[in-house]
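What follows is a set of notes on a single structure, which appears directly below.
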Amino acid sequence: MKRAGSLVMAVGPAGWVVAAWAVVSLLGPALALSPNAVDLTRLLAVPGAAGWLGFDELGRPVLDRLIVGARVSFVVSMSVVATSALVGTVVGAASAWAGGVVDQVVVRVMDVFLAFPGILLAIALAGVLGPGLDNVVLALAAVGWVGFARLARAQTLSVKARDHVRAAIALGVSGPAVVRRHVLPYIAAPLVVEATFAVAGVVIAEAGLSFLGLGVQPPQPSWGNIIQEGTRYMLVAPHLVLAPAGAILVVVLAVNLLGDRLRDHLDVRSRGRARRAPARSVSS
């Protein structure tokens, strides 16, 4: 309980923002929303009592569309990060554990993926696969696994040389069991931190693909295509762009801050330095 309480304190306000994003995304279908309800009497209406975030060029409520778009962003980011983390961790840990030619081949494959800018490769894959939510997840996951694989490989190489791993091998424990019981628990913390930063990147990437017309297709709203539709009315109705852009800014900033807080909380060395710092100041 004490550790759980300290973790809640560690995540801070950023964690509450991310939790609110998740709750809104999951409860969105249960809300009485009308994201595609056209009202010609409210074309480009500014925010007010009738609509907190105003209405778009077809008189559709921006707030309702923003909430539905939050669900799209959340589902895509969680799906991509979960798939990328699973594939990358398995590939990276297996490569480091196998070593030799297998490790060299995997490293070269990762170098090939890293030679291309991630977002450009995702755009190319999305263009080949075609627009749609499933294809966006596939395109982004095909790019995102490399970061997890590099991190898992580096951490596995470090843990592989420790005494408890050598002792397990000497006792005759099979390789997969050693990795599952004695390696993965030690590399989980940096992978969790990497996953939080990856969520922020996927949110931006999904919005970018939808903005380019390669993601979610209208009339289904996403933050990216809401911005794309609103760019034509920037001078007369800036709220059409500012509302979804503000949502992306808040979510990405909160996720990055959450990643920083989790990294500091899970890093034993930084916590040790924080505890020793007051003692040195008092003694001086």
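The values are calculated or read from the model by the stated rules, or taken from the named source; none is laboratory data. What you see is a predicted model; the values in this text were computed from it and never measured. Positions of Cβ are generated from backbone atoms using ideal geometry, with glycine treated the same way; all protein chains shown enter the neighbour counts. Keep in mind that these areas ignore ligands, DNA and RNA; they rest on the heavy atoms of the full protein, side chains included. Shrake-Rupley method; radii C 1.70, N 1.55, O 1.52, S 1.80 Å.
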Practice prompt. Filter the stretch 151-172 down to residues that are open to solvent by 50 Å² or more (accessible area, probe 1.4 Å) and polar (S, T, N, Q) and give me whichever is nearest to ALA198 (Cα to Cα).
Written response: GLN155
Practice prompt. Name the one entry in VAL236, VAL250 that is at pLDDT 90 or above, closer than 25 Å to PRO29 by Cβ and open to solvent by 40 Å² or more (accessible area, probe 1.4 Å).
Written response: VAL250
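Residue check: is ARG71 surrounded by 18 or more Cβ atoms within 10 Å (Cβ to Cβ) and either at pLDDT 90 or above or under 28 Å from ALA189 (Cα atoms) (or both)?
yes
Table: residues versus (1) under 26 Å from GLY130 (Cα atoms); (2) in a helix (DSSP H, G or I).
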{"site": "GLY208", "(1), (2)": "yes, yes"}
{"site": "GLY215", "(1), (2)": "yes, no"}
{"site": "PRO219", "(1), (2)": "yes, no"}
{"site": "ILE226", "(1), (2)": "yes, yes"}
{"site": "VAL236", "(1), (2)": "no, no"}
{"site": "VAL250", "(1), (2)": "no, yes"}
{"site": "ASP260", "(1), (2)": "no, yes"}
Practice prompt. Report, by residue number, each residue of the stretch 40-59 that is out of contact with any Leu (no Cβ under 7 Å at 6 or more places or on another chain), at pLDDT below 90 and part of a loop (DSSP other than H, G, I, E, B).
Written response: GLY48, ALA49, ALA50
Item to complete: Quick one: count up the residues across the stretch 137-154 that are out of contact with any Ser or Thr (no Cβ under 6 Å at 6 or more places or on another chain) and closer than 22 Å to GLY127 by Cβ.
Response: 6
Practice prompt. Residue by residue through the stretch 85-106, note down the ones that are surrounded by fewer than 16 Cβ atoms within 10 Å (Cβ to Cβ) and farther than 20 Å from ALA195 by Cβ.
Written response: ALA98, GLY99, GLY100, VAL101, VAL102, GLN104, VAL105
